[in-house]
Each structure stands twice: as C-alpha cells, then as structure tokens.
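S.K.: Provided herewith is a single structure, encoded as structure tokens, for subsequent inquiry.
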C-alpha cells in the first residue's frame with residue numbers, strides 16, 4: 001500500500017467535506033486549470049483550422065507542386081514545356097501523389113462595356129479536377145472541354161462578376177497585350193467565390209487550347225503540370241522524389257524543368273500563416289505561467305493549513321521527501337480534475353463551433369465566413385500531457401517548503 005498516496009486522498013476527501021480556508025483557494029486553482037486548458041484547446045483548434053482552410057484555398061488555385069520551365073519566373077507569361085517530357089505515370093506512382101494535371105496561363109484584360117479588369121487566364125483540359133471550384137461555385141457550373149471541339153466557356157469569380165456587372169450566360173471579351181493586340185470571346189459558365197480576394201480577382205478558367213493558340217504553341221506545349229498530394233506535411237519529400245524523375249531532362253534549346261512547391265510560389269502567404277504558430281506559443285506560455293502560479297499559491301495555502309499535520313508526521317519519523325510526495329499527489333488530484341473539466345469545456349466549444357458555426361468573421365479581412373476549427377487528436381493528447389507536466393514541475397518548488405518546517409514548532413502551530 002502506498003501510504004503517501006493514501007494520506008493525499010484522505011486530505012482531498014476531508015477538504016471536500018469540511019469547511020476549510022483552503023477549500024475556496026483550491027477551487028480557484030481548479031477553475032484556473034480548467035479555464036486555461038479549455039482556452040488552449042480552443043486556441044489550438046482555431047489556429048489549426050485557420051491554417052488548414054487558408055492552405056486548402058491556396059492549393060485549390062495552384063495545387064501543391066508544379067512542374068514548369070526552369071527559366072520561368074513568377075510571371076504568368078511563361079515559357080512552355082512539352083507534355084511528353086514528363087512521365088505522368090511515373091509521378092503518379094510516387095507515394096503520396098494523388099493527381100497530375102496540365103495547365104496553361106496567360107495574362108489578359110477582361111472588358112464589358114465601360115468596365116475592365118486585369119485577369120490571369122488559366123487553361124485546363126478535360127481531365128481537370130474541378131472539386132475545389134465546384135465546392136465554391138455560387139452560380140452556374142464548371143465545364144468539361146471536349147477532345148474534338150474547343151470550348152468557349154469561362155469560369156470567373158464573384159468579385160470579378162460584381163465588378164463587371166455580369167452573370168452566367170453573359171459574353172466576355174478578353175484582350176491580350178501583344179503586337180498586334182488580340183482578343184477572345186467567352187461565355188460565362190460559372191461564378192465561384194472563395195473569399196480570397198487576391199486570388200478571386202486574379203484567376204479565370206478556360207479551355208487551354210485558347211491559350212495555346214494565343215501563344216502560338218502546338219497542342220503538345222503547356223505551361224506545366226500541377227501535382228496534388230495527400231499529405232501536406234510530406235510535400236518536400238514528394239517534391240524531391242519528383243525532382244529525381246525530372247531533374248535530368250535537358251531540352252534541345254538547353255531548357256530544364258523546375259519542380260516548385262506552392263510555398264515557393266507564394267512565400268509571403270505561408271510566412272504569414274507561419275506567424276500563427278508564434279501567436280499560439282505566446283498564448284500557451286502565458287496561460288501556463290498564470291495557471292502554474294495559481295496552483296503554486298493554492299499549494300502554499302494547503303501546506304500552511306496542514307502545518308500541524310506536517311509536524312506530526314515528521315515527529316513520527318516521516319522524511320521530507322515522503323511529505324513532499326503527499327502534497328504533490330494532492331496537487332495531482334486537483335490537476336487531474338481540472339484537466340477533466342477543461343477538456344469537457346474546450347471540446348464542447350470546439351464541437352459547437354464545428355457543427356453550428358456560432359462565431360462569424362468578416363470575410364473581406366479573414367477570407368473565411370466563420371471561425372474554422374480543427375483538432376488533431378495527437379496534438380490534443382500532447383497538449384494535455386505537456387500542460388500537466390509543466391504545471392506539475394512548477395509545483396516542485398513550493399513543495400520544498402515542507403523541508404523548512406520544524407516539527408516542534410509545527411505541532412504547536414494553530
């Protein structure tokens with residue numbers, strides 16, 4: 001039988017059933033632990049939710065990895081690559097790769113009446129994965145280019161449609177700054193809205209054969225390939241695997257292929273997302289410090305209240321280490337109870353937000369209609385373990401006060 005654990009349990013039960021000065025102090029410490037953990041769970045889930053939602057929207061516009069001409073910069077007026085030089089079957093066999101699709105891009109200007117808007121025309125083929133845009137389609141529908149007939153359909157964003165005052169079924173004219181200037185007529189097939197204004201105002205989708213003809217490319221020439229992966233955390237590993245498959249290619253004109261991730265294409269956005277982690281750690285540290293000092297003050301009050309018991313135990317031959325264990329066990333009971341209520345409260349709030357979207361956001365500022373939440377089970381478990389461990393370590397210091405209590409004075413203490 002663990003005598004130290006038994007005494008700690010008796011102290012906990014006695015304190016719960018009797019009116020003592022330490023009871024409200026311990027209750028405050030318990031509430032502090034619960035609230036601290038609940039806020040941490042909520043913060044962790046909101047930060048993870050924001051990162052996931054924003055990343056997924058960026059991936060929807062440009063996928064995870066792109067294979068393009070090495071001479072291309074971040075301009076949308078690009079040097080082409082030849083379709084056949086990339087072994088798409090080999091890339092699809094790379095573990096983690098779920099889709100490979102060709103694309104073309106070209107900058108232009110949309111004009112309707114007196115309204116004009118700069119745009120990046122993204123050309124796609126009949127095998128294009130429309131799932132992202134279909135999820136964000138507000139009007140009309142996507143289109144599927146046919147092998148034999150070039151489609152004049154175009155999908156634009158709600159931001160562009162509102163600016164140009166057009167709707168599905170309307171005609172659009174796109175102008176391209178060349179010598180001589182060229183233009184193409186399109187019919188609006190669908191209108192999407194992702195609330196990522198910077199991207200919504202930029203991208204429109206059409207049949208890639210329009211761009212190939214405008215650029216004087218044959219049907220084998222494209223801007224590059226977009227590659228989707230199943231696990232974002234493995235994106236660099238997959239990039240290197242693809243690089244091994246394509247890195248040895250050298251064209252007749254000396255051109256090479258570049259394999260770039262979406263983070264390299266839009267570094268400023270992912271740097272901004274990375275700042276979320278800094279904010280997360282600041283909140284975690286502050287909450288842990290506040291909770292830790294709250295528990296320290298509670299333990300000191302309990303030790304003070306039990307001074308006579310400490311003196312009696314020392315007189316009976318108990319050493320300091322054993323008495324310290326009694327109070328640390330007692331603190332663990334409080335921490336365990338606080339973790340239970342903190343998890344219940346935190347998970348309840350996260351669940352309500354996940355299913356009912358209670359907390360709304362300004363879409364223009366945050367790109368999202370409501371506060372997104374996502375809780376990784378592993379991160380949830382690690383948060384609980386880390387929180388409990390840090391608070392427990394902070395309690396080691398006040399427990400050493402036991403060693404400074406003299407038995408004769410402690411027994412007389414009232």
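S.K.: Once the convex hull of the alpha carbons of the stretch 71-255 is built, what does its volume come to per residue, in cubic angstrom?
M.R.: So the per-residue Cα hull volume is 134 Å³.
S.K.: Related question: Over the stretch 192-295, what is the relative contact order in whole percent, taking alpha-carbon pairs under 8 Å and six or more residues apart? Write down the numbers at each step before the final one.
M.R.: Working: 25 pairs, mean separation 11.6, N = 104.
Dividing the mean separation by the residue count of the stretch 192-295 yields 11 percent.
S.K.: Which whole-number percentage describes the relative contact order of the stretch 71-255, with Cα contacts under 8 Å and a sequence gap of 6 or more?
M.R.: 32
S.K.: OK, next. Which one of 43, 288, 233 has the biggest mean-square fluctuation once the chain is modelled by GNM with Cα springs under 10 Å?
M.R.: Ranking 43, 288, 233 by mean-square fluctuation puts 233 first.
S.K.: Here is a follow-up. In whole angstrom, how long is each semi-axis of the equivalent ellipsoid of the stretch 153-230, when you take the square root of 5 times every eigenvalue of its Cα gyration tensor and sort them from largest down?
M.R.: Calculated on Cα positions only, the semi-axes equal 23, 19, 11 Å.
S.K.: For the stretch 334-384, what is the per residue volume of the convex hull drawn over the alpha-carbon atoms, in cubic angstrom? Don't jump to the answer; show the numbers that get you there.
M.R.: On the way: hull volume 4.6 nm³, N = 51.
Cα convex hull per residue, to the nearest whole number: 90 Å³.
S.K.: I'd like to compare 106-116, 198-208: which one has the highest average count of other Cβ atoms within 10 Å, and what's the full order after that?
M.R.: In decreasing order of mean packing, 106-116, 198-208 become 198-208, 106-116.
S.K.: Moving to a separate point now. On a C-alpha basis, how far is the centre of the stretch 75-99 from the centre of the stretch 320-373 in Å? Whole number, if you could?
M.R.: 44
S.K.: Please report, in cubic angstrom per residue, the volume enclosed by the convex hull of the alpha-carbon atoms of the chain.
M.R.: Output value, Cα hull per residue: 187 Å³.
S.K.: Let me ask something else about it. Please express the Cα-Cα pair-distance distribution P(r) of the stretch 98-145 as a list of whole percents, one per 5 Å bin, running from 0 to the bin with the greatest distance.
M.R.: Distribution as computed: 5, 16, 19, 21, 24, 10, 4, 1, 0 percent.
S.K.: Counting only DSSP beta bridges with both residues in the stretch 71-255, tell me the antiparallel percent, nearest 5.
M.R.: Counting DSSP beta bridges with both partners in the stretch 71-255, the antiparallel share is about 75 percent.
S.K.: If I take every Cα pair under 8 Å that is 6 or more residues apart in the chain, average their sequence separation and divide by the length, what percent do I get for the relative contact order?
M.R.: Dividing the mean separation by the residue count of the chain yields 28 percent.
S.K.: Return the single residue from 315, 159, 241 with maximal mean-square fluctuation; model: Gaussian network over the chain, springs between Cα atoms under 10 Å.
M.R.: 315
S.K.: For q = 0.12, 0.14, 0.23, 0.27 Å⁻¹, what log10 I(q)/I(0) does the stretch 297-363 give under the Debye formula with an equal point scatterer on each alpha carbon and no solvent?
M.R.: Relative scattering, expressed as log10 I(q)/I(0), comes to -0.53, -0.60, -0.98, -1.13.
S.K.: Which of these, 79, 197, 244, has the largest mean-square fluctuation under a Gaussian network model of the chain (Cα springs below 10 Å)?
M.R.: 244
Readers should treat all values here as calculations from the given coordinates under stated rules, not as data from a laboratory. If you're wondering where the values come from, they're calculated on a predicted model, not measured in any experiment. Glycine gets a Cβ as well: all are built from the backbone with ideal geometry, and neighbour counts include every protein chain shown.
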